[in-house]
Amino acid sequence: MTHRLESFFKPKTIAVVGASKNTTKIGHAALKNILISDYECKVYPINPHEKEILGVKCYKKVSDVPSDIDLVLISVPANIVPQIMRNCAQKKVKNVIIISSGFSEIGNYELEEELAKIIEKSNMRVLGPNVMGYKNASNGLDASFAYGNARKGNLSLISQSGALGIGMIYLANNEFVGISKIIGVGNKIDIDDDDLIDYFAQDPDTKVIGLYIEAVKDGKAFMNSIKKCHKPVLVVKAGISKAGARATASHTGSMAGSDKIYEAAIKQAGGIRCRDIIELFDMARALAGQPPAQGNRIGIISNGGGLGILLTDACEANGLTVPKLSKKTYNKIDKILPDLVRPNNPVDVVGDAGFYRYEASTRALLEDPNIDGIIVSSVHGGYARPQEFTGAILKMVRERKLHEEYKKPILAAWVGGKEFEDLVWDLKSAGVPIYPSSWRIARSMMALYLEGQRIKRETKRKN
Ligand code: ACO
C-alpha cells in the first residue's frame, strides 16, 4: 500500500502561496527552488497582485488553480495563514508546508490552535509552521527556501531546527555524507517525527534515519515508530542542560523534558543517541557503508603504540571490548611483523608499516571468530607511509567479497597533518568511514555494534 506521505515527497502538482517577484523574499526563493529542481511536476505561483512570476502563470487563490494540488507551500505573514489554510481545505489540497513563523514559538498559541482546528476538519497533512520545508535529494525536488543542494545518498534527516537543518546540508556535503531527504519539522502541528520515521522506514532510498530533536509531542508514538523501524535511527537530543532547556522553550516553544527519560526511552526503543551533529554524521557514514558488528569484540591495528592505546581506551569506554588474540591469529600476525615486535591486541604493525602489513593483519583479524569489528589506524610518524595505509584501506573497504564472506565492519583512523588529510579526503569522497579521532571512531564502532544487537532482537522477535 502507498504511504500517505508519498504525495508529500513526490508531488505531481505544487502551489506556492506568497510567491513573489521580489528576489529578497522567501516566497521567491521557494518558488525558484522548485522550478530549478531536477524534478518534473506542475508548479502554480499564488499571489493576488501578479499575472506571472519567473515566467509561470500566477493565480490569485489556491482554489483558482484548475487542477488538483498535491502540495502547497505557504510563505505569507502568520495572521493571513488561517485564511489560506481554509482555502486549501476547500480545494481538498493533499499536503501543506507552512514556512511562516509567528505561532507557538513566540507564544502565539491561539493562532496555532486556529490552524489545528482547520487541519482537524480536513484530510490535509501539514508540516510546520515555522519550517524551511524539505529537500529530496533522491528525486531532485527542492521544496524549501534554502539555498544549496544536498549530496545524494541514503541518510534521511529530520530537524526540529530549520537553520540547523540547512547547516547540516552544507556540513554533510563537506563530510561527504550523502543525503536522501532532509526536512524541518518546526512546531509539528501535524506531521511529526513519528510520521516521518514511519515513512523513511519504508522508503527504499533511505538506509539510515537521523533526527535533531528539542522535544517530542507524543512520546509513545515516537518510541513506537523507532521500535517498529527496521533501519538504524540516530537521535541528537538538545536542551539537556537547564540553560539549554530555557533556550529550547524560546526556540520552538517546546519543553525539553527530562534528559534521563529521553535517554532511557531512545535506548529502550532501539534508537542510538548521538552527542552532536558531527557524531550523527560519523555514525551514519559507518552504518551506511559497513555491515553491523555481530558482537562487541574489536581488533585494533596501529602503526603507533600510543594511538593503539587511545583507541583501546575509547572502545572500552563505549561498551566495546578489545580481547587478547587467539593462538591461531597470534601465529598468523607474528609471521607478518618484524622480529623486534610480538603481536598483541592492539596489534602494533610498527612505524614503517606499508600496504602489506596493514592488509595482511586486517585479514588475520577478519578470519578470527573472536573478533567482531576491526579498526585500522595510522599515525604520520617519521617512517610512516600514509599513501600505503590509505591504499590498503580503500582496497579492503571496497572489496565486496571480504564483506560478504566475513560480515565484519572495518573502520579507519588517522593522526597527521595536511599531507595525510589530502589522502583521507580521497577516501572520504569514496565513502570510506575514516575518522581523525580515537573517540569518534570508537563511538561509530559502538553504533555498528548497537545496530547488530537491534537486528538480532528483531530477528528473534520475528522467529
Ligand atoms: N495569497 C497569496 N499571496 C499573498 C497574499 C495572499 N492572500 N497576501 C499577500 N500576498 C503576497 C504579498 O503581496 C507578497 O508578494 P509581493 O512581494 O509580490 O508583494 C508575498 O505574498 C509575501 O507577503 P509579504 O507580506 O511580503 O511577506 P514576507 O515575504 O515579507 O514575509 C514570511 C512572509 C516570509 C512568511 C514571514 O512572515 C516569515 O514568517 N518569516 C520567517 C520565515 C521563517 O524563517 N520560517 C522558519 C524557517 S526555519 C529557519 O529558521 C530557517
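The values are calculated or read from the model by the stated rules, or taken from the named source; none is laboratory data. Quick caveat: nothing in here was measured; it's all calculated off a predicted structure. Every residue, glycine among them, receives a Cβ derived from its backbone with ideal geometry; neighbour counts consider all protein chains shown. Side chains are part of the model used for accessible areas, which takes the heavy atoms of the whole protein and leaves out ligands, DNA and RNA. Shrake-Rupley method; radii C 1.70, N 1.55, O 1.52, S 1.80 Å.
Observations, loosely collected:
- Proximity of backbone amide H atoms, modeled 1.01 Å from N, is registered between Val347 and Ile300, Ile301, Ser302 at under 5 Å, excluding neighbours fewer than 5 places apart on the same chain.
- Karplus-derived 3J(HN,Hα) values for region 287-296, using 6.51 cos²θ - 1.76 cosθ + 1.60 with θ = phi - 60°, are 5, 6, x, 10, x, x, 7, 6, x, 9 Hz; glycine and proline are entered as x.
- Annotation for region 257-320: trypsin sites (Lys or Arg not before Pro) lying in DSSP loop with at most 16 further Cβ atoms inside 10 Å of their Cβ are Arg275.
- Distance between region 31-58 and region 213-232 - C-alpha centres, whole angstrom: 36
- Alpha-carbon radius of gyration plus Dmax, which is the widest Cα pair, for region 119-238 in Å: 13.5, 44
- Residues of type lysines that Lys456 reaches as a straight line, Cα spacing below 22 Å, ignoring anything fewer than 8 places off in the same chain: Lys207, Lys227, Lys228, Lys231, Lys267, Lys407, Lys408
- 0 to 90° range, to nearest 10: angle between helix 438-462 axis and the chain longest Cα axis: 70
- Mean shadow area of region 317-463 over all directions, Cα convex hull, nm²: 9.7
- Dimensionless Rg ratio for region 247-389, taking C-alpha atoms and the 2.2 N^0.38 Å reference: 1.33
- Region 116-230: relative contact order in percent, alpha carbon pairs under 8 Å with at least 6 residues between: 30
- Rg/Rg_ref, region 23-177, where Rg_ref = 2.2 N^0.38 Å and atoms are Cα: 1.06
- Anisotropy class of region 381-463 from Cα gyration tensor, a/c 1.5 cut: prolate
- Amide H contacts under 5 Å for Lys42: Thr13, Ile14, restricted to partners 5 or more places along the chain or on a different chain, H placed in the peptide plane at 1.01 Å from N.
- Tilt relative to the chain, helix 418-429 - C-alpha long axis, 0 to 90 degrees, to 10: 60
- In the assembled protein chains, Glu263 presents an accessible area of approximately 80 Å² (probe radius 1.4 Å).
- Taking the Cα centre of the chain as origin and assigning +1 to Lys and Arg Cβ atoms and -1 to Asp and Glu Cβ atoms, the resulting dipole is close to 940 debye.
- Computed about the Cα centre, the dipole magnitude for region 136-253 is approximately 360 debye when only Lys and Arg (+1) and Asp and Glu (-1) carry charge, each at its Cβ.
- In order along region 299-310, the phi-based Karplus estimate (6.51 cos²θ - 1.76 cosθ + 1.60, θ = phi - 60°) of 3J(HN,Hα) comes to x, 10, 10, 8, 9, x, x, x, 5, x, 5, 4 Hz; Gly and Pro are listed as x.
- Label zone at Lys227, where the point sits 7 Å out along the Cα-to-Cβ direction: region 257-281 residues whose backbone N lies under 15 Å: 264-271
- Rg over Rh [alpha-carbon atoms, Kirkwood Rh] for the chain: 1.05
- Treating each Cα of region 148-206 as an identical point scatterer and summing with the Debye formula, the log10 of I(q)/I(0) at q = 0.16, 0.27, 0.30 Å⁻¹ comes to -0.49, -1.12, -1.21.
- If only the Cβ of Lys and Arg carry +1 and only the Cβ of Asp and Glu carry -1, the dipole of region 1-85 around its Cα centre is close to 200 debye.
- Looking at the chain alone, DSSP beta bridges between its own residues are antiparallel in about 15 percent of cases.
- Per DSSP, loop trypsin sites (Lys or Arg not before Pro) in region 110-201 with at most 12 further Cβ within 10 Å: Lys121
- Solvent-accessible heavy-atom area per residue, rounded to whole Å², over the chain at 1.4 Å: 44
- Placing unit charges on the Cβ atoms of the charged side chains and taking the dipole of region 1-77 about its Cα centre, the candidate lying farthest along the positive direction among Thr2, Ala30, Pro48 is Pro48.
- Ranking Gly244, Ile169, Ala15 by Cα position along the charge dipole of the chain, where only Lys, Arg, Asp and Glu carry charges on their C-beta atoms, puts Ala15 farthest toward the positive end.
- Here the relative contact order of the chain, from alpha carbon pairs under 8 Å that lie six or more residues apart, stands at 11 percent.
- Positive-end residue of Gly417, Met223, Ile80, charge dipole of the chain with Cβ unit charges: Met223
- Computed extension gain for Arg275 through Ser437, at 0.36 nm per residue and net of the alpha carbon distance, reaches 56.8 nm.
- Residue-wise HN-Hα couplings along region 315-327, as the Karplus relation 6.51 cos²θ - 1.76 cosθ + 1.60 with θ = phi - 60° gives them from phi, are 5, 5, 6, 10, x, 9, 10, 10, x, 5, 6, 6, 4 Hz; Gly and Pro carry x.
- The portion of the accessible surface of region 104-192 made up by carbon and sulfur, rounded to a whole percent, is 49 (1.4 Å probe; DNA, RNA and ligands excluded).
- 0 to 90° range, to nearest 10: angle between helix 259-269 axis and the chain longest Cα axis: 80
- When Ile26, Ile97 are compared by accessible area of protein heavy atoms, the largest-first order is Ile26, Ile97, using a 1.4 Å probe.
- For Ala413, residues with placed amide H under 5 Å, excluding near neighbours: Val376, Ser377, Ser378, Tyr435
- Global geometry of region 314-399, whether rounded, prolate or oblate, following the gyration tensor of its Cα atoms and the 1.5 cut on a/c: rounded
- Sparsely packed loop sites in region 1-47 (the trypsin sites (Lys or Arg not before Pro) outside DSSP H, G, I, E and B with at most 15 other Cβ atoms within 10 Å) comprise Arg4, Lys12, Lys25.
- Gyration tensor (alpha-carbon) shape descriptor, region 1-74, a/c threshold 1.5: prolate
- Between Glu263 and Ser63, residue separation times 0.36 nm minus the direct Cα-Cα distance comes to 67.4 nm.
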